[in-house]
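Heads up: the structure comes next, in structure tokens.
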Amino acid sequence: MFRIRKIYDDVSPANKHALAQVADIMHSQFPLASQQEIDKLPGQLRDPMKYLFRSLVLVAEDSRDQVRGFALFLHMTDLNFGYLEFISVAPGTTGGGLGGVLYERVREEALDLGLVGIFFEVLPDEPHLLTHPELLEQNIARLRFYERYGARPILNNEFHKPIAGEDSNLFFLVFDDLGHGVELRRAQIRKIVRAILERKYGDVCSEEYIKAVTDSFKDDPIQLRKPRYVRKASRAVPAHWHTKPPIALFINEGHDIHHVRDRGYVEAPVRIASILEELDKSGLFHRSKTHRVSERLLKSVHDPEYVEYLKRACSLVAAGKSIYPIVFPLRNPHRTPKDWELRAGYYCMDTFTPLNRNAYLAARGAVDCAVSGSDAILNGNHFAYALVRPPGHHAERRAFGGFCYFNSTAVAAQHLYRYGSVAILDVDFHHGNGTQDIFYHRADVLTVSIHGDPHFAYPHFAGFADETGVGEGEGYNLNLPLPEKCSVERYHKTLAKALRRVREFQPQFLVLALGLDTAKADPTGTWSLRAADFRANGALIGALDLPTLIVQEGGYRTRTLGANARAFFEGLWSGWQEARTRRR
């Protein structure tokens, strides 16, 4: 079982470990690659301006984070094309078609970027051009593989012209048009060839050589060699491209076991059904399978004793019953009650969030959904949505409250952080005090929240504007409290401010705590956002163009909940599409 993820930098331990394994594969599989060429990969990720291209590394990892294959893809942004520099499986990796899976993922990335196509170099399959005849069979197999995707050598040029003083290995320049059927004009291909030679080989190619090779492309438009090995390109476009809805949806299927029927308790199972009914109409979602998350990850966010208490206490509550805290032993935390019911207040921050037989199980399932969504982001989905209840953003490191038991948003962000920097944006009506508590001392995860001023809104004790982080975390927590009566115009100005801070942070991933309780007539809020306003919010967030995990938090007016959710996601998708168009 493999997952394929992008590596954005060499900062996180997981990325450093993966890049070291990529270097080992390059050493063993590409003996002609120089040490300098291998060593510069981290620099390419850190400083794309220096190299005049953006490097994209895709790694195929097994369940032990061992890299079993990789692809290095260069995006030449100014000329809108991609160059596949390396693609390989690790020594000893056989079967399973991993090379094909990697190449298809490269093509999907190129399609997503709106590129004209992919170029790469392949040793020739013509005996008279080979200096090592024993490589002929291997070269034929490689070109046969690429023909399956419609990629073939460009004819009538001298790209294979040897460089004076260098090795005599000759290479075809191969073009994959990604199934578009485009015809490249002479002027365009000459610019592309010059860019490849200058940016890849500028240290060994003279200007005279570059000009001679560039000028050798005389066909207008270019001509590709007729297929030799495959009658029809059966994979001109990845099989699922544009056929599978774009947003991965993870539903906490067992959420409805947690149903508190006490008067005034608004966090009910109907919330999920209301949202799903409208989402199914949008055509934007494909349902994905949730996997179980390790308890170790959960306990890296929440105090282990707190996790164990919730597990045991909930198992002891009689079926159909709930217990609420009646004493709060924080006055003397060193003398906590031994009775498990009395100890509830030691871990709870309010008097209206109960413990019952299923609270732990439902909250645990919500965490599984959120982390599964983050894995979908790592696997290449630009958006994933964890539709869960109970919510989580009020759950602190060692306390539950506000209907929240485990902080699914925080656990997912912690998981993503292993692979790149993370920003959390919370747009629930109520401040995410739990998320703030968990990351308040850290500079590696940015937390931003727009919410009702805690002078009037729950949780009342956190969410003030002067709470900006402590120690290393100073400046990495931004609270944007708004008044009880807030106009839509003011809300959107505040959201724009929040998004500017996210952009300044330059994260690789965004985790969005999506509260829909900012809606008009929500029983827990005082604002008046309507469907059109949620659509505008989504468009602004989508325009960030960040891989984004959305985790459901509040939203309790079921009459409009689904329509507002659908409007938000339609705006999110359209905002991202417009951002991609501008980027091209």
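Where a number appears in this text, it was derived from the coordinates with a stated rule and is not lab data. This structure is a prediction, so every number in the text was calculated from the model and none was measured. Heads up, the Cβs are rebuilt from the backbone with ideal geometry, glycines too, and the neighbour counts pull from every protein chain shown.
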Q) In nm, what is the difference between 0.36 nm times the number of residues separating residue 218 and residue 299 and their Cα-Cα distance? A) 22.8 nm
**Q.** segment 33-60 and segment 412-445: distance between their alpha carbon centers, rounded to Å
**A.** 29
Q.
Only bridges whose two residues both fall in the chain count here: according to DSSP, what percent of them are antiparallel, nearest 5?
A. 50
Q) Using θ = phi - 60° and the Karplus form 6.51 cos²θ - 1.76 cosθ + 1.60, what ³J(HN,Hα) does each residue of segment 113-119 get, whole Hz, x for Gly and Pro? A) 7, x, 6, 5, x, 10, 10
Q: Could you name the aspartates and glutamates whose alpha carbon sits less than 16 Å from that of residue 191, not counting residues in the same chain fewer than 8 places away?
A: 78, 158, 183, 207, 208, 215, 219, 220
Q) What is the distance, in nm, between label points placed 7 Å from the Cα along the Cα-to-Cβ direction at residue 316 and at residue 17? A) 3.7
Q. Which of the pairs 16/200; 50/218; 6/40 have their Cα atoms more than 20 Å apart in this structure?
A. 16/200; 50/218
Q) Given the rule -39500 (n - 2.57) for each run of at least 4 DSSP H residues, summed and divided by the residues of the chain, what is its mean residue ellipticity at 222 nm, to the nearest 500 deg cm²/dmol? A) -11500 deg cm²/dmol
Q: Could you go through segment 353-370 in sequence order and give the Karplus-derived ³J(HN,Hα) for each residue, using 6.51 cos²θ - 1.76 cosθ + 1.60 with θ = phi - 60°, rounded to whole Hz, and x for Gly and Pro?
A: 10, x, 9, 8, 4, 10, 4, 4, 5, 5, 5, 5, x, 5, 4, 4, 5, 5
Q. Between Rg and the Kirkwood Rh of segment 3-215, both from Cα atoms, what is the Rg to Rh ratio?
A. 0.94
Q.
Just want the answer: with Cβ charges of +1 for Lys and Arg and -1 for Asp and Glu, which residue in 560, 123, 160 is farthest toward the dipole's positive end in the chain?
A. 560
Q: Using the Cα centre as the reference, give the magnitude of the dipole from point charges on the C-beta atoms of the chain (Lys, Arg: +1; Asp, Glu: -1; all else neutral), rounded to the nearest 20 debye.
A: 1260
**Q.** Those lysines that a straight Cα-Cα span of less than 25 Å connects to residue 497, excepting residues fewer than 8 apart in one chain
**A.** 485, 520
Q | Correct choice for log10 I(q)/I(0) by the Debye sum over Cα atoms at q = 0.06, 0.09 Å⁻¹ that was computed from the model, options (1) -0.40, -0.83; (2) -0.37, -0.75; (3) -0.31, -0.74 | A | (2)
Q.
Suppose R0 equals 30 Å. What FRET efficiency, 1/(1 + (r/R0)^6) with r the Cβ-Cβ distance, do residue 54 and residue 286 give to the nearest 0.05?
A. 0.60
**Q.** Relative compactness, segment 135-196, computed as alpha-carbon Rg over 2.2 N^0.38 Å
**A.** 1.27
(Q) Within a 10 angstrom radius of the beta carbon, how do 400, 2 rank from fewest other beta carbons to most? (A) 2, 400
Q.
Defining a contact as two alpha carbons under 8 Å apart and six or more residues distant in sequence, what relative contact order in percent does segment 3-215 show?
A. 15
Q) Do you know the relative contact order of the chain, to the nearest whole percent, from alpha carbon pairs under 8 angstrom that are 6+ apart? A) 11
Q. Hey, what do the phi angles of segment 376-391 turn into as Karplus ³J(HN,Hα) couplings, whole Hz, using 6.51/-1.76/1.60 and θ = phi - 60°, x for Gly and Pro?
A. 4, 5, 4, 7, x, 5, 6, 10, 9, 10, 9, 8, 10, 8, x, x
Q: Take every Cα pair under 8 Å in segment 34-79 that's 6+ residues apart, average their separations, divide by the length, and report that relative contact order as a whole percent.
A: 30
Q: Take the Cβ-Cβ distance between residue 578 and residue 128 as r, set R0 to 35 Å, and report the resulting FRET efficiency rounded to the nearest 0.05.
A: 0.10
Q. Using a cut-off of 16 Å between alpha-carbon atoms, which aspartates and glutamates can reach residue 232, once sequence neighbours fewer than 8 places away in the same chain are excluded?
A. 147, 176, 177
Q: Sum up the charges of everything whose Cβ sits under 11 Å from the Cβ of residue 177, counting Lys and Arg as +1 and Asp and Glu as -1, but leave residue 177 out.
A: 0
**Q.** residue 24 paired with residue 201, simple spin-label distance in nm, labels 7 Å along Cα-to-beta-carbon
**A.** 3.2
Q: Take the alpha-carbon centre of segment 506-546, take the same for segment 300-360, and report the distance between them in whole Å.
A: 32
